[in-house]
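In what follows, a structure is listed as structure tokens, so that the remarks can point back to it.
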Amino acid sequence: MLNREAIQAAIARRLDADADGTSGFAVVVVCVRGLRELAIRCGGALGEQAETGVAQLIRESLRSVDAVFQSGDETFVAVLPGLRSRNNALLAAAGLLARFEQPRTVAPGVPPWQARAVLGIALYPQDGIDADALWRNAHTAADQALRRGDRYAFHDPLNTCANIDYDELRDAIETNRLVAYFQPIWNLAQSRIVGVESLARWTSRTLGPVSPDDFVTFAEQNDLIASLTRWSIHATLRYVSALRGLPGCRVSVNLSPRTLSRGGVAEQVLDALNIWGVAPELVVAEVTETALARDVDAVVRVLRTLREHGVRVAIDDFGVGYASITYLSKFPASELKIDKSLVAHIAGDSRMARLVDSIIRFAHNLGLETTAEGIENEDTRVRLQEMGCDFGQGFHLGRPEPAADFIARHALEAATGPGGLEPATRGPA
């Protein structure tokens, strides 16, 4: 990684200067989205010029005593002395983020480029007492901000992923000690199950059950996400192959944004379909809006390959992230999944209901199907059905359960009709 030693040395010098921890300092990771896309679109020379301009912009936004380094592609690290509290750090962060509000001109004849900065902040001494811990915790905070669609995040000392053991998770993936769960997806108009979303679950020997948000994030941060994705694809399709007697049951598989910018993901999925004898049209590849903020061209190439072979593509958590009409025009999606934070309020909030209704109409006008996530009560289900939402999932319709249990139960039940299954739970009347 670029400047890793220089960054560690700068943090170490700050530790020596503040050995008693009285003045404090902050380590800030600055992720600048769009630099790679600009380089791909306009050429490497302009991309490097933009990187240099961003580094200069960050330096100009900070004080002369602050140190700034490029840490990697689209990533910079700043060491800010004299900041002990979150309020102090937040003032510095607000000033830095404000400098990225305006589009920047890269070169004559090139359209202005809108950079987007996301910050992760770790404070000494509360977030670490050595250089490596502070560096890692700032990066973890930046990843959390990116995942949530926020502009910044402070290190969360209660974050379970910070306590995950790398070797234990790697061994769990390699030895198949994770468990695939299925959560039913309903056709809202017909009140029947038409598919499932595949979810990974892991119980650590030392931590007990670990939230998927934590171990998936850890895998992304520690280069285990490719292995986890491979496990998820094969574990899911192994169960789907047992659903041959229940025609039309689709399965949704989550693909991490980080895997999509690497080569070979589409080939992995297509090879797995051949191995397990699953028809491509029964699989939905789910990608969060965060993927659209990364290497758009690379993501589109992977998903277009899957679509050309019959695999469906869904934009997950729609409505809280980065997607825009421009991105959607490029994106080879077949459906939108409306984020649960929007769905949860439609029964009691008329403005939120109008927003969700607008998203459904917008998607349908683009020829996309819609799935509402997080349906927790009957009133919400009814409102979504009235809006014309195609599909839904949530605890009211069915909780996630081990895929083996889902298969065992439904293998003995007759389908209610083409593409449908008898419900696994009580569900809507």
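The values are calculated or read from the model by the stated rules, or taken from the named source; none is laboratory data. It should be emphasised that the depicted structure is a prediction, and the values quoted were computed from it without experimental measurement. Every residue, glycine as well, gets a Cβ built from its backbone with ideal geometry; the counts of neighbours run over all protein chains shown.
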Task: Matching residues, the stretch 52-68, being in a loop (DSSP other than H, G, I, E, B), among the charged types (D, E, K, R) and surrounded by fewer than 18 Cβ atoms within 10 Å (Cβ to Cβ) - done: R63
Open item on the list: I'd like the residue in the stretch 359-380 that is among the small types (G, A, S) and over 17 Å from A344 (Cβ atoms) and, out of all such residues, is surrounded by the most Cβ atoms within 10 Å (Cβ to Cβ).
Closed with: A363
- [ ] Give the residue that is farthest from the chain's Cα centre (by Cα), with candidates limited to residues of the stretch 199-246 that are β-branched (V, I, T) and crowded, with 19+ Cβ neighbours inside 10 Å.
- [x] V240
Open item on the list: Of the residues V265, V196, only one is in contact (Cβ under 8 Å) with a residue 12 or more places away in the chain, under 17 Å from the mean Cα position of the chain (by Cα) and assigned by TED's automatic domain parsing to the domain that holds K340; which?
Closed with: V265
Task: Matching entry among A219, A180 (being of a type in the set (A, V, I, L, M, F, W, C), in contact with a helix residue (DSSP H, G or I) (Cβ under 6 Å, 6 or more places away or on another chain) and in a strand (DSSP E or B)) - done: A180
Task: Meets criteria (in the same structural domain as W186 (by TED's automatic domain parsing), at pLDDT 90 or above and within 16 Å of S198 (Cα to Cα)) for R351 - done: no
TODO: Run H345 past the list (1) at pLDDT below 90; (2) farther than 18 Å from G394 by Cα and report the number of the one that doesn't hold.
DONE: (2)
